[in-house]
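Heads up: the structure comes next, in C-alpha cells.
The values are calculated or read from the model by the stated rules, or taken from the named source; none is laboratory data. Not measured: the values here are computed from a predicted model. Counting neighbours? That spans all protein chains shown, and the Cβs are built from the backbone with ideal geometry, glycine included. Accessible surface areas use protein heavy atoms only, side chains included; no ligands, DNA or RNA. Shrake-Rupley method; radii C 1.70, N 1.55, O 1.52, S 1.80 Å.
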Amino acid sequence: MPSLSCHNLLDLVAAADDAAPSPASLRIPRVMSAASPASPTSPSTPAPARRVVVSHRLPLRAAADAASPFGFSFTVDSDAVAYQLRSGLPPGAPVLHIGTLPPPATEAASDELCNYLLANFSCLPVYLPADLHRRFYHGFCKHYLWPLLHYLLPLTPSSLGGLPFDRALYHSFLSANRAFADRLTEVLSPDDDLVWIHDYHLLALPTFLRKRFPRAKVGFFLHSPFPSSEIFRTIPVREDLLRALLNADLVGFHTFDYARHFLSACSRLLGLDYQSKRGYIGIEYYGRTVTVKILPVGIDMGQLRSVVSAPETGDLVRRLTESYKGRRLMVGVDDVDLFKGIGLKFLAMEQLLVEHPELRGRAVLVQIANPARSEGRDIQEVQGEARAISARVNARFGTPGYTPIVLIDRGVSVHEKAAYYAAAECCVVSAVRDGLNRIPYIYTVCRQESTGLDDAAKRSVIVLSEFVGCSPSLSGAIRVNPWSVESMAEAMNAALRMPEPEQRLRHEKHYKYVSTHDVAYWAKSFDQDLQRACKDHFSRRHWGIGFGMSFKVVALGPNFRRLSVDHIVPSYRKSDNRLILLDYDGTVMPEGSIDKTPSNEVISVLNRLCEDPKNRVFIVSGRGKDELGKWFAPCEKLGIAAEHGYFTRWSRDSAWETCGLAVDFDWKKTAEPVMRLYKEATDGSTIEDKESALVWHHDEADPDFGSCQAKELLDHLENVLANEPVVVKRGQHIVEVNPQGISKGVVVDNLLSSMVSRGKAPDFVLCIGDDRSDEDMFESIVCPSNSSVKLPASSEVFACTVGKKPSMAKYYLDDTVDVIKMLQGLANAPSQRPRQVQLRVSFEGSLPIWMPKRRIAPVSQTWSSLSGYFAAGLGFLLLLMRRGGGELFVGCTNR
C-alpha cells in the first residue's frame, strides 16, 4: 500500500520491480471504531491502548474454498505465537495483527478480503508481489540472514544452502519492510498504540517506522539466535541492522547469550556501552534508553491442554502404548532444515544399538519431520540424508516386527503428535543451533496432562542439545553436545536406564517451570516492559537525524538543548568578567585521535579568546602538568588545571600551584602492583603514573574484556585502598586513583573564589566537558547550593556536555568539531563591527547636495528612523529635484 508519509527519505530502492503494490486506496481508521471481536471493552471504562502485532505471516490458515467469494476460507492458526500471545495482554485491549497472507492465499489480494479479515479476525494483510516476496523471504531471509544467524557462513553455498550477500536481495528485503511500514502508517495511532514486531524478517521495520513516527512505542522480539559479534560482523550491512534494532524501545531475546552477543556487537561496531540498573539492561542511544529484555517464549497451556485432553488424543495414546508395548519409546519432532541435527540424532541411535546390544529389539526412536518452511537444495539434502541413515540403521538392526527408527515425514495432526509425546518416555532434541525450540515444553505437558496414561507414567526424561535456546531453562534435562555422536548415544542410554523416581523428580521440576512460564506470562511481561520503556516519550523532545538506514531519533529532555552560537553570543557580548572552562580529551581533542597534540586551529582560537582582557580561559584536564604545559606553550595567557586540579597555573609564565592539601603518596606503593597485574593480564592496557594519581587505561584493549577487567580492578583497588585517603574512580576507558579532595569540581570552586576575591566575580561562565569527571564541574556551576562560592544572580551560566547523553549540563554540542566552531564564534564576537547600510537616491544634476550619515544603534529603530528621514525630507527632495538633481545618503547600523 502507498505510504501516507509526505516525506520518505528511506526510499532506498529505485528498482521498479521491488516497489510495493498499489491497489485501489484502502482507508482504514487509525483508531478502530469498534473493539476487536476477541477483546470486548466495557463502555463505562476507557479502552486500553491497542496492541499492534506485526509478524511476517498473519496468524491464519487458508484452505481452498470454491464457495467463498475470495476462493479461500480462513481460520485462526492457534499454533502461531503471534496469536497465542493475546492471552497475556491486558483484558479488553484491542489487538490488530499485520502480516502477509498464509501461503495458499498469497495471490488473493483485494480490498474486500482486507475488510473481511479486519472485521472477522482483526487481521490486516500486507500485499507483496510474488516475485518480491520470493526474493525477500526465500532469497535474503531464509538463504542468507537465517543461516548466518545460526552461525553458518556462506562459504560454499552450493553444498550448504547459504547464499553470499546480494545487494539486490537486500534491497528486496528493505522494500518488503517498507511495505509493512506503509501498512502500519495507514492505521497507527502513534501516541496510543503499542507496536510489537516479531523476528528477523522485519529487522529493518523499526527504522522505517521510527522515521514516520518519532514517538511510536515499538517493541521487537527476535525469535532466532543472535550470533556472536565475530559472525554478525561479517554482514556487509551490519550497522544498518543494528541501528534498526536500536530504533525500537524494547528489544527481546530468548537467552542471555543472545542478548550478550547483541550488546557486544553494539559495543564493537557502534561504540555503545550498556548499563544494568534495577534488573534492567539499557543502552543509551542518542538520548533514548533502549531496554534489552531476556525471557524465553512459553507455550499456550490452555490450547495444549485442550488438545491433550481430547478423547481423540487419549485413544491414540492408548493405541500407541499398546503398539509399542515392551519397547522403550523415544520421540523427536523437528522441522526439516539444516540445523535440527536429524542426521546426527539417527547416527546417535545407531551408536546406541552398537554399544548396547541389549537395547536391540527394544529401543525405538520415532522421528516426526514437520514440513519444511523454505525451499531449496539444502532442504532436499537434509531429507535425503535422514532417509538414507534411517534406512541403513533399520536394515542393520531391524527385524520382523521391529524398526529401530520410525521416520514420519507425512502430515501429522496435532492430536497424533500429542499422542506420540505422551506415549514416549524420552524426548530427544539434537539441534545444532536453534533460537528456542518449544518441543521439550510441549512434551513435558503432554506427559503430565495425558488422559491415556496412569499416574505412574507421569514422568519424563529430556535429552537436550546445549545449543538450543530452551536449554538454560530446563535444568533437569540431560544436556549434550549434538556434534558428538558418542555423547548423544550415551545420553540416550542414560535416559533409558534412569530410575523412575529420578525421572519423576526431573519431570516435576520441568512441569512446574513450563506451566508457570507459559506464553501468557511471556507476553504480559514483555507488554509491561514495553510500556515502562515508553513512559518518558511525552516528556522529551524528539527529532530525526540521518538518511536511509542510518536514520535515528534524538530524544532530549525539555531543558536539554543544543548550544548555538546565536544563543550564547548576546550574553557573551554584554558581560565584563568571563570564565571559560574547557576539558581537553573528548572536548577540544577527538577521543579517537592518535596524536593528542593540539592542532594549530585549537591553539589559534584559544589565543584569540585569551587576548580579550575580559576573558579567563582554563584547560581543566586529568593529564599531567608537564604534558599540558608543553602542548600549550604557545598560549601565553591560557590557564591550566592539570591532574584534575592538583596543579594549577593562571598563565604560561606563572608558577604551578598545588591544591594545598597535605597528601601522602605512599598509597602508590600499594596501588601500582595491583594495576601492573591487570596491565599484564589485559593486552592493550597501559599505566600512567602522574605526580598525584595513577591511571590504568584500557582504550586499546578488547572492548568487552577491557570493560570487564576495569570492573574487577575497581573492586580490587577499593578493597586494598579502603583505609587510604584516596578515591578510586572509573572514567571513559580508565580506572584512576586520586587523593581525596581532588576533582574538577574543586578546581571550579577555587577559580571562582579567586576571581571573587579580586573583585571580578564572573558574570559569564562557559564550561564544556565530555565525561564523568566533568560532571563535577557542571554540578559546581549549575547547582549553586552545592558550591562554596556564590555567583552573582545576574551571571549567565552555560554548562555544556559533548554528545547527547544524560548530564548535569543543560546544553550539549555534538562533537569536538562543534566545540571548536563554538569557540571560534565567541572569538569573533568582539571583533564584529556594526555593518553600515546605505540607501542612495540618485538623480541627475550639476549641483549635488549631501546629507550627513547618521548611526542608528538599536536595530529595532532602523526602519522607523529611515521612514523618518524620508518623511522629513520629502519636501527637500522635491525641491532638490526641481533645482537640477543631487544625491541623498541615509546610513544605519545592522547589529
Legend entry - Residue under evaluation TYR285, criteria (1) open to solvent by 20 Å² or more (accessible area, probe 1.4 Å); (2) modelled with pLDDT under 95, criterion not met: (1)
Legend entry - Close pairs from the range 378-391: first farther than 11 Å from ILE342 by Cβ, partner of a type in the set (Asp, Glu), Cβ under 9 Å, at least 6 apart: ASP378/ASP337; ILE379/ASP337
Inset, instruction - For residues that are surrounded by fewer than 21 Cβ atoms within 10 Å (Cβ to Cβ) and in contact with a helix residue (DSSP H, G or I) (Cβ under 8 Å, 6 or more places away or on another chain), scanning just the range 413-426, find the one that is farthest from ILE368 (Cα to Cα). - result: GLU425
Inset, instruction - Just need a number here: residues in the range 496-523 that are closer than 30 Å to VAL52 by Cβ and free of Cβ contacts under 8 Å to residues at least 24 places away in the same chain. - result: 1
Legend entry - The lone exception for TYR443 - which of (1) in contact with a Leu (Cβ under 9 Å, 6 or more places away or on another chain); (2) open to solvent by less than 20 Å² (accessible area, probe 1.4 Å); (3) in contact (Cβ under 8 Å) with a residue 60 or more places away in the chain it fails: (1)
Inset, instruction - Report, by residue number, each residue of the range 794-817 that is touching a residue at least 12 places away in the same chain (Cβ under 8 Å) and part of a helix (DSSP H, G or I). - result: THR816
Legend entry - GLU643 being farther than 17 Å from SER743 by Cβ and either in contact (Cβ under 8 Å) with a residue 24 or more places away in the chain or assigned by the TED database to the domain that holds ARG730 (or both): no
Inset, instruction - State all residues of the range 741-770 that are touching a residue at least 40 places away in the same chain (Cβ under 8 Å), open to solvent by 40 Å² or more (accessible area, probe 1.4 Å) and part of a loop (DSSP other than H, G, I, E, B); if no residue qualifies, say none. - result: GLY741, LYS760
Inset, instruction - Kindly indicate whether any position in the range 540-554 is assigned to a helix (DSSP H, G or I) and either open to solvent by 70 Å² or more (accessible area, probe 1.4 Å) or assigned by the TED database to the domain that holds VAL602 (or both). - result: no
Inset, instruction - Can you confirm whether the range 624-639 contains a residue that is among the aliphatic types (A, V, I, L, M) and within 42 Å of the chain's Cα centre (by Cα)? - result: yes
Inset, instruction - Could you please let me know if ARG623 is under 22 Å from CYS800 (Cα atoms), assigned to a helix (DSSP H, G or I) and out of contact with any Cys (no Cβ under 7 Å at 6 or more places or on another chain)? - result: no
Inset, instruction - Would you be able to tell me the number of residues in the range 339-372 that are modelled with pLDDT of 95 or more and among the polar types (S, T, N, Q)? - result: 2
Legend entry - Near pairs, Cβ below 8 angstrom, 6+ apart or cross-chain, from the range 153-166 (within 18 Å of VAL237 (Cβ to Cβ)) to any residue that is outside any loop (DSSP other than H, G, I, E, B) and modelled with pLDDT under 60: PRO154/LEU160; LEU163/PRO157; PRO164/PRO157
Inset, instruction - Could you grab me the full set of residues in the range 387-425 that are in a loop (DSSP other than H, G, I, E, B) and basic (Lys, Arg)? - result: ARG410
Inset, instruction - Could you list, in sequence order, all residues of the range 178-196 that are crowded, with 24+ Cβ neighbours inside 10 Å and either β-branched (Val, Ile, Thr) or without any contact (Cβ under 8 Å) to a residue 40 or more places away in the chain (or both)? - result: VAL195
